[in-house]
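Everything on this sheet refers to the single structure shown next.
The values are calculated or read from the model by the stated rules, or taken from the named source; none is laboratory data. Everything numeric here is computed off the predicted structure, so don't read it as measured data. Ideal geometry is used to build each Cβ from the backbone, glycine not excepted, and the neighbour counts take in all protein chains shown. The protein model used for the area step is the full one, side chains on, heavy atoms only, and it has no ligands, DNA or RNA in it. Shrake-Rupley method; radii C 1.70, N 1.55, O 1.52, S 1.80 Å.
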Amino acid sequence: MRWEDLKQDIKNFLFEFRRQKIGIMGVILLVILLVIAIFAPVIATEGAKDNWRNMAYWDENPADAPPAWMNYFTGKDMSPHIIMDTYDEKIEDLGGGIKRDELTFNYDYKYDVPPTDLTFKAELIYYNAAKPPSINMVLLRPDGNTIKLYSKPSKTGKSEEDHYVAEVNVLVSASDTAKKEAYNFGREFETKDNLKKILSADFVDPMSVIFSKTEPGILLEEADPLKGNYKLIVDIYYFDKRDSTRSAKSIFAGKVYGLLGTDSNRRDLFKGVVWGTRWALALGLLTAVFSVGIGIAFGITSAYLGGWKDEFMQRINEAVASLPFLPILILISAVFKPSIWNIIILMSLLFWTGTAKVARSMGLQIKEETYIEAARCLGAGNRRIILRHMIPQVMPYAFANMALSVPSALLTEAGLSFLGLGDTTVITWGQILYGAQTAGATLRGLWWWVVPPGLAIAIVGLTFVMIGTALDTVLNPKMKRM
Amino acid sequence: MDPILQVKGLKKYFPIKLSFFDSIRGREVQYVKAVDGVDFDINETETLALVGESGCGKTTVGKLITRLIDPTEGVITLKGIDVATLKGDDLKAYRKEVQMVYQDPFASINPRFRIYDVLEEPLLIHGIGESISEREELIFRALEEVKITPPEDYIHRYPHMLSGGQRQRVSFARAMILEPSFIVADEPVSMLDVSIRAEILELMKELQQKRGLTYLYITHDISTSRFFAQNIAVMYLGKIVEMGDVREVIDNPLHPYTKALLSAVPEPIPERRDMIKEIPIKGEVPNAANIPSGCRFHPRCVIAKDACRHEEPELVDRGNRHYVACPYV
Amino acid sequence: MDEILNVENLKAYFFTTRGPVKAVDDVSFTIGRKQALGLAGESACGKSTLAFAILKMLQNPGRLVGGKIEITGTDITDFSESQMRKEVRWKKISMVFQGAMNALNPVYTVGYQMAEPLMYHKGVKKEEAMEKSKDYLELVGLSPEILTRYPHELSGGMKQRVVIAMALLLSPDIVICDEPTTALDVVVQAQIMNLLKRLKKELNISTIFITHDLSILAEVVDRLAIMYAGKFVEIGDSIKVYRNPSHPYTQKLLGAIPKLHEDLDKLEYIPGTPPNLIHPPSGCRFHPRCPYAMDICKKEEPKMKEVDTDHFAACHLL
């Protein structure tokens, strides 16, 4: 086909396609999916993909947290998960080689349910092995009160070249100081009756005390929340001029997390679903195009050649169709690692048989059309008849079939992943669902682990079905409204 | 005038596929004798109307002449070329010489092709026209010749956007663009409205005069053959039963089958309405796989004699090139 | 003469996305008992739509948008679908659909297919229904053994006879035959026409014949209506219309029929194509193809005028 023609054809096609509302919706969905897939590194960070199966990477997240927007549906606002790595730093030389590094984190608390925990993390670099730095942690409440949370020298650090690195990981919920201080703080405002109910400081949740108003019930988690700006002040005392703080951050562990919550391994499911889009599209489209392409070419050729060649090709088709997919894949995964490419190739090589059967029966019908005979009468050869006359006739079917193959390829991959036969080096929705299944997500009511990847598979399926239907209407002139 | 096409002893038998069990039981393969010994000549720039009911083998004769199927037996000579043995490039060259136009203008054009593509295809197949503009000119000229004007309004349309008559004219343009000398027209007007039939027939006549075309006009409609053809051959179950000058045969039919056919032709004479017509024929057309012995028309013939069951009549010249295959008329 | 069917100002439009297709636009006619009306015109002129409109069986997006239909004095215009099914279709008016012989169900015997509507419509017992089917098969010239045959075992002519017998089964007042002989060979066509003529004589029914082939219509119809672009252009006694065609379209249609026993130098035809029924031509719808078109034809729609007793035509020339 010449370029001019092609341009005209595309123009005509677009003109017709624009009138297909369903198709336009499908295209919009596809564009959205493509944008998500292409900009996955921006939306969901490269690190999430690389560390999806590295559990340590995720341990700052809460486990099994529902999505943040759940707050809109519950009466009480639950505090979201916030990781703060920006802070005000004030370094003060106290003389005598002593140096104070003051880090201030500003936390705007405006929720009803306090964070489950407050963590401070940092790497402290010091040079004098005998003098590891010392840490003091204080919380300044909006009402001006302060609560001491932690006060201890750091643990001995790991030796690195000429200095030492001490990793600090303070969990307020696990800090005895915090518990005691919180109890002492709250006791002043409690009624006698209430105090009787509390046996010891160990039974007090410091997080709830910290974020409550100074009124009776503060120790019993019954007081109203105190909303406003809190300051977490961490003072680190160093005993050498060269000592310094590295990668400090505070984590207000939320009851809810992000757009789609987290799974039991604390992984951000939103990032997983976003990265899954890439493979979903690649896997679905590649498998659909390859398998349908093979099927159409095989079926049409078989129908056109006819006679014993047709018989022979049909027996091949049946032989391939009867190959059991799963056992073969298990076998392959025993020999090779079940890479996603192997899965795509294998699906393409096995999934064309149905298409080929239908394409053949369509081909047998098309072969009898008068215009095929007319083309032969004009002198057209086999190749021209197959390529120009027969294959274009089945293209609507091919497109519709491709559209339908996309979800089935996705489901097959999900099924394989479910059996542990998926490619564990990539993130697919199937893999996420597999994780949910093994963790018993449905039984535990962790719907945000199951629904989004499932819905994503359905949306991709729907997208292609809508596009397929519209293409069918446009590419098949007989179906056009007269 | 010399005959441009000569057909001698043409036969085409289609084997009936045996079922698996029949083939292992060693049953003999049966044949449908679609064409069973046909002879005729067509002179240059003349038209022969091949008339008969459906299933009589007239379309098969057309396909044999265009070499869409190979004959079982017999000789076809067109302009001195032995058609039956053509192969490869010779066959491709022959296709430029002989073209076919089909009955159904809805089915004979690929619905996905625009009119431009329809007409460009033969040019591309035969490598006619070096450049786009050259081909375009040929296409425009072909469309103008069949009165699809102005061509630029039509080349980008799909067949379903044209009326039946227009499509049939496009079919003619497609056939004519290769400048053939012989055209097999297989019921070219039978699917069209009566008001359009005349237009297509006039067009065919005009093309014949302008290009010196020869036609084999296959039809079941005897009244259009009188208008369009010089000669007529009436076919029954794979054989010609009567042949001759079209006026002679229609006005003075001899074979009982021709008589029956002619009596059945409806004529717009309202004064004769409600009159039950006498159609001198019995029963229905037998299966072509099981052709009656002797004269194949005898089970339906109103003047059949005993001898008709055994003796197959020859096509004999009864004077004035009026051939009849019945000794009893 | 009592009126069996009275159609007044009937309008049937197809509401497509590109606008309403005025397939039948203001058509009126009546049929008397035992009368046969011919409906002729080019394809897509609305003649089949008219038949479907009378049966109220228009396919979506078709709608009856105006007019009145009376069958044996009953106004059925506002009948519901279930009323039509129970009281009108097949009992009062039946139809031989175009290509119906190819629509016979291949998996049922002819007998079953014939008896089923009897059992369904009249609650007749199976044996009785079969007996009646047998009678009607004999009426259309088929042997009763056909009852146990399957459609593929029958020839085209036999199937067409079966379809005609089915249309007659509930003894309707009117039968509409839509292209009853197209796709049949000449001999079979003539035999079917003979059958229809015989039935017309023997039975107490009125008929509407729809075809584009005026030579077939001449053999059987008493009155002839010529339809063009959704409207009647001429209607009247068939001999008068054939012998004295008054509308240029009728004249052209009749001129296009080739003569079997006459030599013609030229056949008449109507140049151009039938108009688009979404935007039909202004004034007389035939004017773009009419050789006698005048200025007034573009502006004003001609009214039906009486040319002769029982012969009307709509043309400004008259």
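Listing for the model above:
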{"item": "³J(HN,Hα), Karplus 6.51/-1.76/1.60, whole Hz, each residue of the range A:38-43, x for Gly, Pro", "result": "5, 9, 3, x, 6, 6"}
{"item": "Virtual paramagnetic centre 7 Å along Cα→Cβ of C:Leu317, amide N under 16 Å, in the range C:235-266", "result": "C:235, C:241-256"}
{"item": "Mean Kyte hydropathy of -0.5 or more with a Cα span along the axis of at least 24 Å, helices from DSSP in chain B", "result": "B:194-211"}
{"item": "Listed residue (A:Met207, A:Tyr238, A:Thr116) projecting farthest to the positive dipole end of the range A:81-253, Cβ model", "result": "A:Tyr238"}
{"item": "Where no second cysteine Cβ lies under 4.7 Å, the cysteines concerned in chain B", "result": "B:Cys56, B:Cys301, B:Cys326"}
{"item": "Volume in Å³ per residue [convex hull over Cα atoms, computed for the protein assembly as shown]", "result": "291"}
{"item": "Dipole magnitude (debye, nearest 20) for the protein assembly as shown, charges at Cβ of Lys, Arg, Asp, Glu", "result": "980"}
{"item": "Sequence-distant residues sharing a close amide H with A:Ser212 (under 5 Å, placed H)", "result": "A:Leu226"}
{"item": "Residue range of chain B that is longest and free of GluC sites (Glu not before Pro) which are both DSSP loop and sparsely packed (at most 12 other C-beta within 10 Å)", "result": "B:131-277"}
{"item": "Nearest-0.05 FRET efficiency for A:Thr438 and A:Ser322, computed from C-beta distance (R0 30 Å)", "result": "0.40"}
{"item": "In Hz, Karplus ³J(HN,Hα) per residue of the range B:50-57 (6.51, -1.76, 1.60; θ = phi - 60°; x = Gly, Pro)", "result": "9, 10, x, 7, 5, x, 7, x"}
{"item": "Between helix A:269-305 and chain A: long-axis angle, C-alpha atoms, 0 to 90°, nearest 10", "result": "10"}
{"item": "Euclidean distance of C-alpha centroids, the range C:46-97 and the range B:260-310, integer Å", "result": "40"}
{"item": "Other-chain or far-sequence residues with amide H under 5 Å of C:Met227's (modelled H)", "result": "C:Ala40, C:Gly41, C:Val233"}
{"item": "DSSP beta bridges in the protein assembly as shown [antiparallel fraction, %, rounded to 5]", "result": "75"}
{"item": "Rounded FRET efficiency, nearest 0.05, which uses the C-beta distance separating C:Lys125 from C:Ser171 and R0 of 25 Å", "result": "0.90"}
{"item": "Loss of accessible area when A meets B, both sides summed, Å² nearest 100, probe 1.4 Å", "result": "2700"}
{"item": "Unsatisfied cross-links (Cα-Cα over 23 Å) in the set A:Lys158/A:Lys255; B:Lys259/C:Lys252; A:Lys152/A:Lys241", "result": "A:Lys158/A:Lys255; B:Lys259/C:Lys252"}
{"item": "Extreme residue, positive dipole direction of the range C:113-186, given options C:Val124, C:Val140, C:Gly157 (C-beta unit charges)", "result": "C:Val124"}
{"item": "Folded to 0 to 90 degrees: helix C:156-168 orientation relative to chain C principal axis, Cα", "result": "90"}
{"item": "Point-charge dipole on Cβ atoms (K/R +1, D/E -1) for chain B, about Cα centre, debye to 20", "result": "900"}
{"item": "Computed lengthening from A:Leu199 to A:Glu92, 0.36 nm per intervening residue step minus Cα-Cα distance", "result": "34.3 nm"}
{"item": "Rounded to the nearest 20 debye, dipole of the range B:224-274 from Cβ charges on Lys, Arg, Asp, Glu", "result": "120"}
{"item": "Cβ-based charge dipole, chain A, positive-most Cα from A:Gly272, A:Met390, A:Val460", "result": "A:Met390"}
{"item": "Cα centroid separation, the range A:275-330 to the range C:116-158 (Å)", "result": "49"}
{"item": "Rounded to whole Hz, the Karplus (6.51, -1.76, 1.60) HN-Hα couplings of the range A:203-213, x for glycine and proline", "result": "8, 9, 8, x, 4, 5, 5, 4, 9, 10, 5"}
{"item": "Angle between chain A longest axis and helix A:307-321 axis [Cα atoms, degrees, rounded to 10]", "result": "20"}
{"item": "Residue-averaged 222 nm ellipticity for chain C, from DSSP H runs of 4+ at -39500 (n - 2.57), nearest 500", "result": "-8000 deg cm²/dmol"}
{"item": "Most fluctuating residue given options B:Asp22, B:Asp117, B:Asp82, as computed from a GNM of chain B linking Cα atoms under 10 Å", "result": "B:Asp22"}
{"item": "Given B:Lys8/B:Lys147; A:Lys213/A:Lys271; B:Lys33/B:Lys282, the pairs whose alpha carbons are separated by over 31 Å", "result": "B:Lys8/B:Lys147; A:Lys213/A:Lys271"}
{"item": "R0 of 56 Å, Cβ-Cβ distance B:Glu278-C:Ala103: FRET efficiency to nearest 0.05", "result": "0.95"}
{"item": "Nitroxide proxy distance, nm - points 7 Å out along Cα→Cβ at B:Ala84 and B:Phe20", "result": "3.7"}
{"item": "Quotient of Cα Rg and 2.2 N^0.38 Å for the range A:81-253, N being how many residues it contains", "result": "1.11"}
{"item": "Amide proton proximity set for B:Glu44, modelled H, under 5 Å, gap of 5+", "result": "B:Asp2, B:Ile4"}
{"item": "Aspartates and glutamates whose Cα lies under 13 Å from that of A:Lys192, excluding same-chain neighbours fewer than 8 positions away", "result": "A:Glu215"}
{"item": "Spin-label model distance (nm) - C:Ser155 vs B:Asp317, 7 Å beyond Cα toward Cβ", "result": "3.5"}
